[in-house]
Amino acid sequence: MGQEPDDPTAPSHGVGPHPQPWPEDQRLDPELLAAGDRRNVLDRYRYWRLEAIVAELDRHRHPLHVAIQNWEHDFNIGSMVRTANAFNVAGVHIVGRRRWNRRGAMVTDRYLHVHHHPDVASLQAWTAERQITLVGVDNLPGSVPLESTMLPRDCCLVFGSEGPGLTEEMVAACASLVAISQYGSTRSINAGAAAAITMYHWALQHAQA
C-alpha cells in the first residue's frame with residue numbers, strides 16, 4: 001500500500017528501508033521494505049501491508065462499537081476515531097452526513113471498520129439486529145454517573161456533536177444514558193475527551209474478559 005502521504009506524523013515516526021535480505025513474510029509490503037515505513041503504527045506492524053494489519057486487528061477486536069452524530073462537521077470526530085482505533089473497537093458508526101472531519105483521525109480510520117448511517121433509525125436497526133445495546137453519553141436529565149455504571153459488554157457508545165450533544169431522537173433510541181461527573185465550572189467536557197474517558201471505562205470492565 002506504500003506510504004500514507006496525508007499522515008501528519010510522517011516526519012517524526014517510522015523507520016528507514018529494511019536491510020537486505022528481506023524477510024520472507026506475506027504480511028510485508030515490498031514498497032515499505034524498500035522505502036521505509038513512516039506510518040504511525042506500533043513497531044510490531046512495521047513494514048506490514050495495510051490489509052495484513054487490519055486482518056490481525058480483526059482477530060482481537062473488542063465487542064465495543066462507537067457511534068457519532070455528524071450534524072455539524074465537528075472537528076472532534078477525528079479525535080474520537082483515533083481513540084476508537086487505540087481501543088481496537090469492532091466498529092465506528094457515523095450517523096448523519098457521510099462526509100466527516102478526518103483531520104484529527106490521522107488516517108487511523110483505515111485500520112477500523114467505519115459504517116455510515118443516514119439517520120438514527122438506521123443505526124438503531126443495525127444494532128438491534130446484532131443485539132448491541134445503544135448507550136448514550138451526555139450530561140442530560142436522566143443520565144447516571146459513568147463511574148458507577150456497569151456498561152454492557154456488547155454495546156455501542158453514542159456521542160453527539162460538540163455543543164448541542166445528542167439529539168432528542170438519538171436519546172430516545174438509547175437504552176440508557178451515562179454522564180461523566182465533573183467538578184469544575186464548565187457545563188460540559190470536550191466531546192473527544194468524553195469519548196476517550198468512556199471507552200477507557202468500558203475497557204476496564206471488559207477488555208480483559
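The values are calculated or read from the model by the stated rules, or taken from the named source; none is laboratory data. Everything numeric in this text was worked out from a predicted model, so none of it was measured. Neighbour counts run over all protein chains shown; Cβ positions are idealised from the backbone, glycine included. Surface accessibility is based on the protein's heavy atoms, side chains included, excluding ligands, DNA and RNA. Shrake-Rupley method; radii C 1.70, N 1.55, O 1.52, S 1.80 Å.
General observations
- Check: the chain dipole with +1 on Lys, Arg Cβ and -1 on Asp, Glu Cβ, in debye: 120
- Helix-only mean residue ellipticity at 222 nm for the chain, each DSSP H run of n ≥ 4 adding -39500 (n - 2.57), per residue, nearest 500: -8000 deg cm²/dmol
- 3J(HN,Hα) from dihedral phi, the range 147-158, Karplus parametrisation 6.51/-1.76/1.60, rounded to Hz, x for glycine, proline: 5, 10, 10, 8, 6, x, 5, 9, 9, 10, 7, 10
- Solvent exposure of the chain amounts to 52 Å² per residue of accessible area, where only protein heavy atoms count and the probe is 1.4 Å.
- DSSP beta bridges in the range 14-128 [antiparallel fraction, %, rounded to 5]: 15
- Potential extension, GLU129-LEU42 segment - 0.36 nm per residue separation minus Cα distance: 27.9 nm
- Accessible surface of the range 11-101, 1.4 Å probe: 52 percent of it comes from carbon and sulfur atoms.
- Across the chain, the fraction of Cα-Cα pairs farther apart than 32 Å, rounded to a whole number, is 23%.
- Between HIS115 and VAL92, HIS93, ILE94, the built amide H atoms are under 5 Å apart, and every one of these is 5 or more places off in sequence or on another chain.
- Label-point separation in nm, ALA55 to ALA175, each point 7 Å along Cα→Cβ: 3.4
- Selected from TRP22, TRP48, TRP71 as most flexible by GNM, with the chain as the system and alpha-carbon contacts under 10 Å: TRP22
- Here the Karplus relation 6.51 cos²θ - 1.76 cosθ + 1.60, evaluated at θ = phi - 60°, turns the backbone of the range 199-208 into coupling constants of 5, 5, 4, 4, 5, 4, 8, 10, 5, 8 Hz, with x for every Gly and Pro.
- The range 92-209, dipole about Cα centre (Lys/Arg Cβ +1, Asp/Glu Cβ -1), debye to the nearest 20: 460
- Measuring nothing but how far apart in sequence close Cα pairs (under 8 Å, 6+ apart) lie, relative to its length, the chain scores a relative contact order of 19 percent.
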